[in-house]
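Engineer: A single structure is presented below for examination.
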Ligand code: SF4
């Protein structure tokens with residue numbers, strides 16, 4: 001997707017004079033720093049940030065891009081904390097990764113606490129037969145990625161979870177899937193694993209008590225969820241179909257399975273973008289993912305009708321924390337030689353997390 005296409009998304013944006021000036025200043029700062037700095041942005045960022053980015057993508061595309069950056073010292077990441085951590089882990093130690101808003105965490109990633117995960121892991125080892133392969137969604141903290149790296153597992157994204165499940169079942173008997181129970185469940189069901197072989201870990205994870213059916217289960221799901229995608233309901237699909245007969249419904253696999261089952265298709269943000277782009281002029285789509293991206297799709301593809309699955313859509317609060325003002329602040333300090341809001345993963349954590357991330361990149365190409 002070329003940047004011209006993304007820039008069309010802000011044609012109608014009418015910033016105040018002050019913000020207009022901030023955006024112009026950012027362009028100048030970017031130009032002056034372009035020999036040593038690159039700006040990566042996730043699809044869920046605000047339109048003004050997307051229009052300024054050098055690369056826009058989902059978690060997988062941005063991780064792959066970060067891993068290949070050779071000639072830039074500074075990587076400014078317009079996204080959430082785990083994405084900046086992944087960029088730091090995948091790049092040589094002399095690269096500097098900056099997050100314009102240091103408080104921009106991902107609530108889903110924070111739902112897997114390492115002390116709880118290690119406690120469950122010990123209990124599983126002691127009480128459950130068979131080899132368990134830990135797999136974590138890329139939307140997880142570096143310490144969780146390091147945990148799976150140390151224990152023979154890997155990372156997946158919403159775009160490659162199916163392939164990673166295949167790999168994991170070649171290595172062992174069960175998958176412990178962290179931290180998003182919906183992506184884990186949707187992937188398992190899509191692989192033909194019946195619901196009775198999917199086990200939901202619940203209760204006190206520091207003192208876990210397992211039910212009998214954990215012994216036959218193939219996939220063990222951590223109890224985390226994305227607070228944005230969980231808000232979509234199956235009735236939203238029913239209602240949009242009633243209102244717009246013939247509409248194609250596509251949702252992100254972080255939605256619950258009853259929503260995914262009612263939709264026509266599901267997939268990562270890159271897949272959603274691709275499906276909409278490839279559809280015929282005049283197509284009508286209802287999209288169940290973060291609101292900024294859905295609105296932008298309509299601006300990018302004016303020959304199609306793109307609807308929020310549930311009006312007016314749901315924004316990711318922490319993704320929205322990165323504003324032009326905050327980006328301006330980071331770049332302006334950088335232009336004076338001051339590094340602020342650096343994300344640096346501790347060396348031992350980075351080493352094990354790298355093992356897990358690199359394995360994913362090897363498996364998925
Ligand atoms: S949309 Fe959901 S998974 Fe993505 S950053 Fe926001 S809370 Fe995390």
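The rows are residues; the columns are (1) closer than 18 Å to residue 223 by Cβ; (2) in contact with a helix residue (DSSP H, G or I) (Cβ under 8 Å, 6 or more places away or on another chain).
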| site | (1), (2) |
| --- | --- |
| 108 | yes, no |
| 115 | yes, no |
| 118 | yes, yes |
| 121 | yes, yes |
| 126 | no, no |
| 131 | no, yes |
| 160 | no, yes |
| 173 | no, no |
| 177 | yes, yes |
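Engineer: Can you find a residue that is surrounded by fewer than 20 Cβ atoms within 10 Å (Cβ to Cβ) and under 26 Å from residue 226 (Cβ atoms) anywhere in the stretch 332-339?
Structural biologist: If we filter the stretch 332-339 for residues that are surrounded by fewer than 20 Cβ atoms within 10 Å (Cβ to Cβ), which is where we start, we get 332-333, 335-339.
Of the ones still in play, those that are also under 26 Å from residue 226 (Cβ atoms) are none.
Looking through the stretch 332-339, none of the residues is surrounded by fewer than 20 Cβ atoms within 10 Å (Cβ to Cβ) and under 26 Å from residue 226 (Cβ atoms).
Engineer: While we're looking at this one, here's another question. Determine whether the stretch 72-82 contains at least one residue that is within 16 Å of the ligand (Cβ to nearest atom), out of contact with any strand residue (DSSP E or B) (no Cβ under 8 Å at 6 or more places or on another chain) and in a helix (DSSP H, G or I).
Structural biologist: yes
Engineer: Output the residue which, of all residues in the stretch 301-325 that are surrounded by 19 or more Cβ atoms within 10 Å (Cβ to Cβ) and more than 16 Å from the ligand (Cβ to nearest atom), is farthest from residue 283 (Cα to Cα).
Structural biologist: 324
Engineer: OK, next. Pull up the stretch 43-67, narrow it to residues that are in a strand (DSSP E or B) and in contact with a helix residue (DSSP H, G or I) (Cβ under 6 Å, 6 or more places away or on another chain), then point me to the one that is nearest to the ligand (Cβ to nearest atom). Before you say what the answer is, go through the steps one by one.
Structural biologist: As a first pass, look at the stretch 43-67 and keep what is in a strand (DSSP E or B): 55-57.
From the residues that got through so far, the ones that are in contact with a helix residue (DSSP H, G or I) (Cβ under 6 Å, 6 or more places away or on another chain) too are 55-56.
Numbers: 55: 18, 56: 15 Å.
The selected residue is 56.
Taken together, the values in this text are just the output of simple stated rules run on the coordinates, not laboratory data. Not measured: the values here are computed from a predicted model. Quick reminder, even Gly has a Cβ in these numbers, built from the backbone with ideal geometry, and neighbours come from all protein chains shown.
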